[in-house]
Amino acid sequence: MIFMKGVLLKLFIVPAIILGIGSCGDKGGGGGGGGTTTEANLVVTLNPPAGSTQPAAPQVDFPLTVSITSTMPTQGVTIDVKAAPDGSATNFFTESRSSTAANNNFTITGTPTGVVCVTTVTVTSKTKATNTVTLSYRYTRKP
């Protein structure tokens, strides 16, 4: 009977313990592309405000502030700013910049006179490329 208990212990219980310990040691995440990145969805505000149509102004340069109000991704963001006449695919202004700052100032230059223009801002997380926000507003430069 004692011999039988020793065999059962060696055949079933000891391997179960070894397998249990081995499976516990491999928790904790993703090397090599199998893991997922969890981060807060980007929340971005613009000044001038997104969705607005600004009154025509006689100035040559148009300031823009892009503010990231959510938690900043660990590697920061890429901010792409483009401006084009409304309905045109040809941009007269483009700037792309990497940032880890909450507030980012741009100056739109080269605006044609007497034409409604659309500024489009796209902010993309450098940590998680699917975490992106695109906003736009309209403005006009007076002749």
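Since every read-out is calculated from the coordinates, none of them should be taken as a lab result. Computed from a prediction, not measured in an experiment: that's the story for all the values here. We place every Cβ from the backbone using ideal geometry, glycine too, and count neighbours over all the protein chains shown.
Observations on the model:
- Working from label points 7 Å from Cα in the Cα-to-Cβ sense, the R97 to A40 distance is 2.2 nm.
- Counting Lys and Arg as +1 and Asp and Glu as -1 over every other residue whose Cβ lies under 13 Å from the Cβ of R141, the net charge comes to 0.
- Label separation (D86 vs T127): 3.9 nm, computed from points 7 Å beyond Cα along the C-beta direction.
- Extending 7 Å from the Cα toward the beta-carbon at both T78 and Q59 defines two label points whose distance is 2.9 nm.
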